[in-house]
Amino acid sequence: MNIRTLCHCALLSLVTSSVTFAQGVTATETSQPTQSLTGVQLKGKAPVNTRTLTPTLPKPVEDKLANGLSIVLIEDHELPTFTLQLVIDRGDFVDPKDKQGVADATASQLREGTKTRSTEQISETLDSLGASFGARTDLGATYATASGLVESIDSVLDVFADMVRNPTFPQTELDKFKQRLISQIENQRSSSSFVAQEQFARAIYGDFPAGTLVPSEASIRALTSADLAAFHAENYAPNVSMLLVAGDITMAQLKPKLERALGAWARKDVSPTSFPMVAAPAASRVFVLDRAKSVQTSLIMGNLATTGDDPDRFAISVMNRILGGSPASRLFTNLREAKGYTYGAYSSVSSNRYAGVAGASAEVRTEVTEGAMKEFMYEFDRIGKEAVSDVEIANAKRALIGGFALSLENPQAFLGNVYLQKLYGFPANYWEQYPKLIDAVTKADVTRVAAKYFNPKSMQIIAVGDGPKIRDVMSKYGPVQTPAEPK
């Protein structure tokens, strides 16, 4: 069975999920709804299928090159295309302390020239093949992705392998990248919501690397081509990498092509990234950052959450969907529809190999900051003490399962799911069982995880806005601290 035709019959009346499995190791449950569902009544609707989705998913075919590169293939013969993602288990977490941003810069500059190809030649070759390439990092890993037609896979792999193995990091291209990045960060910091996100990360994580959303300008300016080359030489290695492929090809056809393109990639004495335990803040804190004469307040509040393999993850998904993960969620219907305080109020829960974050946010008018805070706290208290309704939990489960089923249509998303299963050592049938695991969540589970992860007594609360007008309001939730904004 191919990836695109797995579960269509089970999707009637299911809403797009608030669960997004990222390419890599981070799962984030959130939603940015644009259309209200308050008061909507469905008349003469088709009956909802109450049976739990039971997908039969393609079985990954696995192998390994002699240099230690793991290969995972999902055969999909519906279209003559392929998608591949190389995951190198070294990312921003291993940035040297005095060279923040070097991992991300290294990934970003892979396509800017190799020992035998200029950046122009790389672009021309990819364009002529109808292929794409991208690379990025997160805290735990580096991801290099390519896609194209299977008939061109040999040529694409040649260019892909050259960029991964032999980049030269021309200083002229790096200088352009640094200037673009600095301008981008300056633009982001003009947004009060981004400033709130930065402070929230620092409040939750402290000195742990996840507490820094973007590197400092000084660190960016100091990066050199030699820094990128050194990071590449030390961290890019086949024995800490996995290549995930989905497409119209068999392992018997694929492996010789990979041996030709990547077989000579030398092993290195480097280990997969491991993360220490993250210490949660000891108590609730309130941070107010002043934006003189701002007409709105950016609010973010939340707690340290849990890792991606925690047994609570299914209950958290359902709870988050009910609290703030959809247009029908409690936060959205309360703060936007009932009170008119904001265009939208949301919650999200992230997870990784290190503890993620459970948070909620909204942009509200300055004069309703007090009312908005009261409603946030009311909803946190309510979902952590009172059982949710039968309708709420049933709708949340259907939405999550439906969104998961729709994600199977996307080969890259499916590869991300396979990688998560491998990374965390989940059972081989994990994703086939996922709908049942979501469906097994009880109302008591929802109440329990809400009380744990949205506990106001340990919550870190950030408000960015007109300081003199909101400081007294925010002081009702704890002593107000006024941190300096990063540069």
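Just a few scattered comments:
- The residue pairs whose first member lies in the stretch 327-339 and is over 13 Å from SER361 (Cβ atoms), whose second member is of a type in the set (Asp, Glu) and modelled with pLDDT of 95 or more, and whose beta carbons are closer than 7 Å, counting only pairs six or more residues apart or on different chains, are ARG330/GLU379; ASN334/GLU375; ASN334/GLU379; LYS339/GLU375.
- Check on VAL391, farther than 17 Å from SER329 by Cβ, outside the structural domain of LEU86 (by TED's automatic domain parsing) and assigned to a helix (DSSP H, G or I): no
- Checked against the criterion of being within 27 Å of the chain's Cα centre (by Cα) and without any contact (Cβ under 8 Å) to a residue 12 or more places away in the chain, the candidates GLN121, GLN179, GLN85, GLN100 yield just one match: GLN179.
- Which listed residue is within 19 Å of ALA229 (Cβ to Cβ) and assigned by TED's automatic domain parsing to the domain that holds ILE249, from GLU120, GLU112: GLU112
- Scanning the stretch 202-217 for residues that are in a helix (DSSP H, G or I), within 18 Å of ASP95 (Cα to Cα) and under 19 Å from the mean Cα position of the chain (by Cα) gives ARG202, TYR205, PRO209, ALA210, GLY211.
- Counted residues, the stretch 343-375 - those being without any contact (Cβ under 8 Å) to a residue 40 or more places away in the chain and buried (at least 22 other Cβ atoms within 10 Å of the Cβ): 1
- Any hit, the stretch 376-387, residues being free of Cβ contacts under 8 Å to residues at least 24 places away in the same chain, among the small types (Gly, Ala, Ser), more than 30 Å from LEU73 (Cα to Cα) and surrounded by fewer than 20 Cβ atoms within 10 Å (Cβ to Cβ): no
- Exclusive hit being within 29 Å of MET301 (Cβ to Cβ) and either over 21 Å from the mean Cα position of the chain (by Cα) or not assigned by TED's automatic domain parsing to the domain that holds GLU75 (or both), set ALA444, ALA440: ALA444
- Number of the exception - SER190 against (1) assigned to a loop (DSSP other than H, G, I, E, B); (2) at pLDDT 95 or above: (2)
- Of the residues making up the stretch 130-139, those that are in contact with a Leu (Cβ under 9 Å, 6 or more places away or on another chain) and either touching a residue at least 60 places away in the same chain (Cβ under 8 Å) or in a strand (DSSP E or B) (or both) are SER132, PHE133, ALA135.
Listed here are the residues, each with its yes/no results for (1) at pLDDT 95 or above; (2) buried (at least 20 other Cβ atoms within 10 Å of the Cβ); (3) part of a helix (DSSP H, G or I); (4) in the same structural domain as LEU223 (by TED's automatic domain parsing).
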| residue | (1), (2), (3), (4) |
| --- | --- |
| THR106 | yes, yes, yes, yes |
| THR125 | yes, no, yes, yes |
| SER128 | yes, no, yes, yes |
| VAL156 | yes, yes, yes, yes |
| PHE169 | yes, yes, no, yes |
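- Criterion (more than 30 Å from ILE74 (Cα to Cα), surrounded by fewer than 16 Cβ atoms within 10 Å (Cβ to Cβ) and hydroxyl-bearing (Ser, Thr, Tyr)) met by exactly one of SER274, SER216: SER216
- Residue in the stretch 181-204 that is touching a Phe, Trp or Tyr at 6+ places or on another chain (Cβ under 8 Å) and within 22 Å of LYS99 (Cα to Cα) present: yes
- Candidates are the residues of the stretch 327-368 that are of a type in the set (Val, Ile, Thr) and in contact with a Lys or Arg (Cβ under 8 Å, 6 or more places away or on another chain); the one that is nearest to GLN199 (Cα to Cα) is THR366.
- Being of a type in the set (Gly, Ala, Ser), out of contact with any Ser or Thr (no Cβ under 7 Å at 6 or more places or on another chain), within 28 Å of ASP466 (Cα to Cα) and buried (at least 16 other Cβ atoms within 10 Å of the Cβ) is a description that applies to ALA210.
- Scope the stretch 158-167; condition part of a helix (DSSP H, G or I) and either touching an Asp or Glu at 6+ places or on another chain (Cβ under 8 Å) or without any contact (Cβ under 8 Å) to a residue 60 or more places away in the chain (or both); matching residues: VAL159, ASP162, MET163
The values are calculated or read from the model by the stated rules, or taken from the named source; none is laboratory data. Please read all numbers here as calculations on a predicted model, not as lab measurements. Virtual Cβ from ideal backbone geometry, glycine too; neighbours counted across all protein chains shown.
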